[in-house]
């Protein structure tokens, strides 16, 4: 499904942040990426999405055999990639629902499907908003405009639910969520997840993984994945931190 | 009808005389600093010699009446031009307490509209483009707003390719009068909107919002002068520009706060998004404040579409062009969002 091979990327001043990432994600899997601050976790998501602030120095990222790095940003999304960043951007004046409808119909156009009718879109929205226990106010608001951290994260998962991507890369989706919101968001992700899809979670804490069981846990440090394991690895990291990994080497 | 207001309007003869006195607009005249003055044809009544050698001696007769005195205070070429060109004034009184919606459209190249709005009246006034036959059009609006009247003046016409258009507004507001002036301009040639607003009564409020969406060689200019002549008067200016191609906009806004005008609140903000290398904007705020207890602010921003917002939209699968259009539309709509629900707001928003 998603195959990242020897991915290297740098920022404008030439500093290399990703120094050879390798990651294979298969349908039905949940991968958790953990690591200290500044290790390159957020950069990884942005590079895959095609953020213009990063330059790819080498490697490949393939989704179902197609090289994402050769695609335009919107084509990557329409091919089935969904990236939720740590700090979702506020766009005052662009209505949340109109934005969602435009995004969904852009994907449908890309896939050669007809536009979704207003009525069907309304039903889809209602269903997904109900799943995430979102109230009607979200419809009237600008995209992430004036929302709290938790509201923004919930709004991101609403987008994910509506766009129905093959692979979702969720960067610190649990940050800014209170206990109830964490449960609701995690339930939403579990509901959206299916054997045909995959999720990559970036997180600092085990608490999200209590709700969403990872297939694999990876440790990203200094721009490389230095250790991979099962769900037990997250528990060990929560207990002992990251230094023991370097010391063991 | 406010007799003094009507009597002080210049006659055609007075306007011609005053224009001869003022001469053709020149770049060194602060009213015309940014305007491509070379594009203004010399009016026939001025004579061809006048264009190259403006007189320094007033051609007008010595002042005998209040009208003569009033015309001597007129200094804007664009304000005098329609009257000097024999525009027949359309004079209309809206009586106290009335509620009216109206659309105004001049039938000639030169138009002059005079409105006397009574106390407590509620008026919605849309200005439509006139049908013109020549290369220049000039309209003048003299609007007297009575105590506690509530008036909205707006225009959002389809793009017009008239080579040269002037629109001048002279607005007087009595105590407690509210005027909301809102406009959208998508014209493709040269134009200038000038507004002179006198806040004469305590608590009068003038709200100005303009949006220019220009492309190609369009060159549009705004000139505002707001006189706070009474305590606790309020003025708000918000001008937004979305400029592509070689489009050019200038905003020249002056606020004058008089003596003893305590508690005045005035703000001016100009936001411009340049969509191309060759588009340009010039902004000149002027504040003349003759009282201490006032709050007057001005600001100006020039930039491009927000790169992070663009990335966010495109990363959700929206094509770049559509994402740009969404951001431009939101930037444009925000200009008018704070307006109360009204015919003006409905018309302005629907035209975006």
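If a residue has to be within 14 Å of chain B (Cβ to nearest Cβ) and without any contact (Cβ under 8 Å) to a residue 24 or more places away in the chain to count, how many in region A:28-78 make the cut?
Summing the residues that are within 14 Å of chain B (Cβ to nearest Cβ) and without any contact (Cβ under 8 Å) to a residue 24 or more places away in the chain in region A:28-78 gives 5.
Condition first: within 33 Å of the chain's Cα centre (by Cα) and at the interface with chain A (Cβ under 8 Å from one of its Cβ atoms). Now tell me which residues in region B:309-322 satisfy that.
Answer for region B:309-322, where residues must be within 33 Å of the chain's Cα centre (by Cα) and at the interface with chain A (Cβ under 8 Å from one of its Cβ atoms): B:309, B:322.
Filtering region A:103-131 down to residues that are surrounded by 14 or more Cβ atoms within 10 Å (Cβ to Cβ) and over 21 Å from residue A:80 (Cβ atoms), which residue is farthest from the other protein chains (Cβ to nearest Cβ)?
If we take residues in region A:103-131 being surrounded by 14 or more Cβ atoms within 10 Å (Cβ to Cβ) and over 21 Å from residue A:80 (Cβ atoms), then A:122 is farthest from the other protein chains (Cβ to nearest Cβ).
Just to check your reading of the model, which residue among A:93, A:146 is within 14 Å of chain B (Cβ to nearest Cβ), in contact (Cβ under 8 Å) with a residue 12 or more places away in the chain and touching a strand residue (DSSP E or B) at 6+ places or on another chain (Cβ under 6 Å)?
Residue meeting the stated conditions: A:93.
Before we move on, is residue A:105 farther than 21 Å from residue A:202 by Cα, free of Cβ contacts under 8 Å to residues at least 12 places away in the same chain and in contact with a strand residue (DSSP E or B) (Cβ under 7 Å, 6 or more places away or on another chain)?
Spelling it out, it is not the case that residue A:105 is farther than 21 Å from residue A:202 by Cα, free of Cβ contacts under 8 Å to residues at least 12 places away in the same chain and in contact with a strand residue (DSSP E or B) (Cβ under 7 Å, 6 or more places away or on another chain).
Kindly provide the set of residues from region B:149-186 that are surrounded by fewer than 21 Cβ atoms within 10 Å (Cβ to Cβ) and not in a strand (DSSP E or B), ordered by number.
Across region B:149-186, the qualifying residues are B:157, B:158, B:159, B:160, B:161, B:162, B:163, B:175, B:176, B:186.
Does residue A:193 fit the bill of being surrounded by 15 or more Cβ atoms within 10 Å (Cβ to Cβ), modelled with pLDDT of 85 or more, within 16 Å of the chain's Cα centre (by Cα) and within 25 Å of residue B:317 (Cβ to Cβ)?
In short, yes.
Does residue B:241 count as in a strand (DSSP E or B) and within 14 Å of chain A (Cβ to nearest Cβ)?
No; evaluated as a whole, the condition is false for this residue.
Any idea how many residues of region B:9-21 are in contact (Cβ under 8 Å) with a residue 24 or more places away in the chain and over 21 Å from the mean Cα position of the chain (by Cα)?
8
Looking at B:260, B:293 in this structure, which one is away from chain A (no Cβ under 11 Å), at positive phi and over 25 Å from the mean Cα position of the chain (by Cα)?
Unique residue meeting the criteria: B:260.
A quick yes/no check of all residues on (1) in a strand (DSSP E or B); (2) surrounded by fewer than 19 Cβ atoms within 10 Å (Cβ to Cβ):
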residue: B:129; (1), (2): no, yes
residue: B:142; (1), (2): yes, no
residue: B:147; (1), (2): no, yes
residue: B:188; (1), (2): no, no
residue: B:194; (1), (2): yes, no
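The values are calculated or read from the model by the stated rules, or taken from the named source; none is laboratory data. Fair warning: this is a prediction, and the values are worked out from it, not measured in the lab. Don't worry about glycine lacking a Cβ; one is built from the backbone with ideal geometry, like all the others, and counts go over all protein chains shown.
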